[in-house]
Amino acid sequence: MNYGKKVLEHFTKPHNMGELKNPDGVGKVGNPRCGDEMWIYIKITKKRGEEVIKDIKFKTFGCVSAIATSSVLTDLVKGKTMEQALLVDNKDVAKALGGLPPIKMHCSVLAEEGLKAAIKDYKKRLKKV
Amino acid sequence: MKAYFDHGATTPIDPEVLKAMTPFLKQRFGNAASLHKLGREASEAVENSREAIAKFIGAKPEEIVFTSGGTESNNFAIKGIAFAKKKGHLIVSKIEHDCVLNSARWLEKQGFEVTYLSVDDEGFVSPEELRKAIQDDTFLVSVMHANNEIGTIQPLKEISKVCREKGVLLHSDACQSLTKVSVNIDDLGVDLMTINSHKIYGPKGVGALYIRKGVKIDPYFSGGGHENGKRSGTLNVPGIIGFGKSVQINHKVGHVKKLRNIFMKGVEKRISDVKLNGPRGDKRLANNANYSFKYIEGEGLLFRLDSHGIAVSTASACASNTLEPSHVLTSIGLPHEIAHGAIRFTFGKDNTLQEVEYVLDKLEKEVKELRKMSPYKRGWK
Ligand SMILES: Cc1ncc(COP(=O)(O)O)c(C=O)c1O
Ligand code: FES
């Protein structure tokens, strides 16, 4: 597997790895192709009437690319408004890593889906309150 | 520090082997088929190599055909025997190397019938199951001597007894077992046997097929009739010289086994939630250890070890082009998530105790780190 420098950097020293205590939303997604699992935790605050991702952490059971995409995703959306975060897709994730081997693109889809699932979970919780 | 633990993939060329080869890459460059002095010299050196290899496996020199390696020898054996038979049924085990399995699948497309024989949870073929699978029109059984991923050494003697009784030819791929355990063709009872050079400190791109005298086989390469018409093509003289030398060097199997055992003890003592894939004891290749580290994925662990200069291999789904775990791991019944964390460590004669301690330290550290990252660190869901 020919991974770029940036992928290996994020993989060896991932950012925002771990869990959040009392998260506002958790997204748990699995990769049907290879059987991997990614959990995304988010914490939301309101800033000038807008919902902002104040903190985000991840846990991933997966390959180099799955871990690197989890890590770079957290960088991409931390501090962003919900609106902005929802626009981040798997291509942005792959681009931020300087590209992924074609066979590893599906791992970046997991990152996009993980974030979307966490936001969905947050919205669901809001409704319950 | 650098530590190479992937000798099952390939080995470095031994200095003695290189020394034997070098003249044939330089001033003694002759074509072994040429009649002049340079050609005769090359031919003589090739025949010495053939004799050394034949002697090493208990065969006659004329029963050895040189090829371009394990892949060609396996293709040649299986397709060559099938085409000499024209039709019928063959049996291969489910954990054969891809070059055997895909040769069998190709033959199926040409109208042959194939049975893919199951193995047990340690990778063993059952001679009794084999007996049941043999049909009236079965002409060939192919069961590898030792498995490249999990090191299982097959009971070839018992398997060959069944084949003999039933009058079926037996081929065995011995690429992994050559020099690690005895591969005497009469003890094992094989009719054809694949061996190659780059797993035993020889050069890449050279191997041989042992064909018992009297066995009818169609050539796989048609051409100028080299190798008694069995395999055409100008002989890879330096490669063959290197191969011949590589069976004669000291392979230090005792040393390799000692290191492998220290490694296994270390892994099982220092790291929790690991599973050894393949058997324990004498029925496992002395240079092979294959562990699943639960809750983490193999490609990730491989790259973490690589960042410390440690080379290993993995058959995890994420590391394969098909995104499926290897057919060997699924054939021994490993659940997907356990196959996911499988790493193979294969030791060699030049490894040291210091390197084993180094890999144990890094392995313990990186497994811990990756488990911290895993949602499953407290067990599966
Ligand atoms: C068991 C087995 N058979 C066949 C081969 C293929 O041999 P080669 O690389 O010489 O084509 C290998 C090694 O790759 C092997 O381990
Ligand atoms: S997570 Fe399996 S290939 Fe990336």
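The values are calculated or read from the model by the stated rules, or taken from the named source; none is laboratory data. Keep in mind it's a predicted model, so treat the numbers as computed, not measured. Cβ placement follows ideal geometry from the backbone for every residue including glycine, while neighbour counts extend to all protein chains displayed. These accessible areas exclude ligands, DNA and RNA; they are computed on the full protein's heavy atoms, side chains included. Shrake-Rupley method; radii C 1.70, N 1.55, O 1.52, S 1.80 Å.
Points worth noting:
- Count of the range A:15-40 residues, restricted to those that are buried (at least 20 other Cβ atoms within 10 Å of the Cβ) and either within 7 Å of another protein chain (Cβ to nearest Cβ) or over 14 Å from the mean Cα position of the chain (by Cα) (or both), is 7.
- Taken over the range B:135-155, the criterion of being crowded, with 24+ Cβ neighbours inside 10 Å and away from ligand 1 (no atom under 14 Å from the Cβ) is satisfied by B:140, B:141.
Residues checked against (1) within 14 Å of ligand 2 (Cβ to nearest atom); (2) part of a helix (DSSP H, G or I):
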| site | (1), (2) |
| --- | --- |
| A:55 | no, no |
| A:68 | yes, yes |
| A:73 | yes, yes |
| A:76 | no, yes |
| A:91 | no, yes |
| A:103 | yes, yes |
| A:110 | yes, yes |
| A:115 | no, yes |
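- Candidate set from the range B:288-312 (those that are under 15 Å from residue B:277 (Cβ atoms) and away from ligand 2 (no atom under 16 Å from the Cβ)); member that is most open to solvent (accessible area, probe 1.4 Å): B:294
- Options B:268, B:364; residue that is open to solvent by 10 Å² or more (accessible area, probe 1.4 Å), touching a residue at least 40 places away in the same chain (Cβ under 8 Å), in a helix (DSSP H, G or I) and not β-branched (Val, Ile, Thr): B:364
- Any hit, the range B:272-285, residues being in contact with a strand residue (DSSP E or B) (Cβ under 9 Å, 6 or more places away or on another chain), under 22 Å from residue A:60 (Cα atoms), more than 14 Å from chain A (Cβ to nearest Cβ) and open to solvent by 10 Å² or more (accessible area, probe 1.4 Å): yes
- Condition check for residue A:49: on the phi > 0 side of the Ramachandran plot, away from ligand 1 (no atom under 16 Å from the Cβ) and modelled with pLDDT under 95: yes
- Checking residue B:100 against (1) surrounded by 23 or more Cβ atoms within 10 Å (Cβ to Cβ); (2) more than 17 Å from residue B:194 (Cα to Cα), the condition it does not meet: (2)
- Restricting the range B:329-348 to residues that are within 17 Å of the chain's Cα centre (by Cα) and not in a strand (DSSP E or B), the residue that is farthest from residue B:295 (Cα to Cα): B:348
- When residues of the range A:1-12 are limited to those that are facing another protein chain (nearest Cβ under 10 Å) and not β-branched (Val, Ile, Thr), the one least open to solvent (accessible area, probe 1.4 Å): A:11
- Taking the listed residues B:309, B:333, B:341, the one that is assigned by TED's automatic domain parsing to the domain that holds residue B:274 and within 16 Å of residue A:64 (Cα to Cα) is B:341, with no other qualifying.
- Counting residues in the range A:81-100 that are of a type outside the set (Val, Ile, Thr) and touching a strand residue (DSSP E or B) at 6+ places or on another chain (Cβ under 7 Å) gives one or more.
- Selection from the range B:181-227 of residues that are among the polar types (S, T, N, Q) and surrounded by fewer than 21 Cβ atoms within 10 Å (Cβ to Cβ): B:182, B:184, B:222
- Residue count, the range B:320-329 (criterion: within 12 Å of chain A (Cβ to nearest Cβ) and surrounded by fewer than 24 Cβ atoms within 10 Å (Cβ to Cβ)): 5
- Of the helices (runs of 4 or more DSSP H) contained entirely in the range B:29-134, those carrying at least 1 residues that are at pLDDT 95 or above and touching a Cys at 6+ places or on another chain (Cβ under 6 Å) fall at B:70-85.
- In the range B:158-201, of all residues being in contact with a Lys or Arg (Cβ under 7 Å, 6 or more places away or on another chain) and in a loop (DSSP other than H, G, I, E, B), the one that is nearest to residue B:139 (Cα to Cα) corresponds to B:191.
- Boolean, residue A:87 is modelled with pLDDT of 95 or more and within 16 Å of ligand 2 (Cβ to nearest atom): no
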